[in-house]
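Some notes on the structure that comes next.
All of the numbers you see were taken from the coordinates with simple rules; none came from a lab. Just so we're clear, the structure is a prediction, and the values are computed from it rather than from any experiment. Methodologically, a virtual Cβ is constructed for each residue, glycine included, from the backbone with ideal geometry; neighbour enumeration extends over all protein chains shown.
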Amino acid sequence: MLAVCDKELSGKTLKSENMEFFVNRKFYGDTKISEKKLAELLNEFDNINLIGNKSVGVALKAKIIGEKSIIKIAGISHAQIFKL
């Protein structure tokens, strides 16, 4: 499984009207990677969790996901990808 968050979201809690989402450092880790490396990794994993406009944007640009696969939590993009 690949779990990626935008670095500025790590350790923060996102709150919206009906949801609270904690961007847990233990789950997402603290390894920094480039957008190019993320695009490569998106093709290597079958189970992917992305939080952050930048991270989700890379998946969108790489056509791994479409707009309908994205939800917003407090204005921040989130996507889960499961390849069969």
Please specify each residue of segment 1-11 satisfying the condition of being surrounded by 12 or more Cβ atoms within 10 Å (Cβ to Cβ) and either at positive phi or in contact with a strand residue (DSSP E or B) (Cβ under 8 Å, 6 or more places away or on another chain) (or both).
L2, A3, V4, C5, D6, L9, G11
Quick one: which strands (runs of 3 or more DSSP E) sit completely within segment 20-84 and have at least 2 residues that are in contact (Cβ under 8 Å) with a residue 60 or more places away in the chain and of a type outside the set (V, I, T)?
none
What residue, among those in segment 43-70 that are surrounded by fewer than 15 Cβ atoms within 10 Å (Cβ to Cβ) and either in contact with a Phe, Trp or Tyr (Cβ under 8 Å, 6 or more places away or on another chain) or of a type in the set (A, V, I, L, M) (or both), is farthest from L2 (Cα to Cα)?
A62
Name the residues in segment 11-41 that are over 14 Å from S77 (Cα atoms) and small (G, A, S), would you?
G11, G29, S34, A39
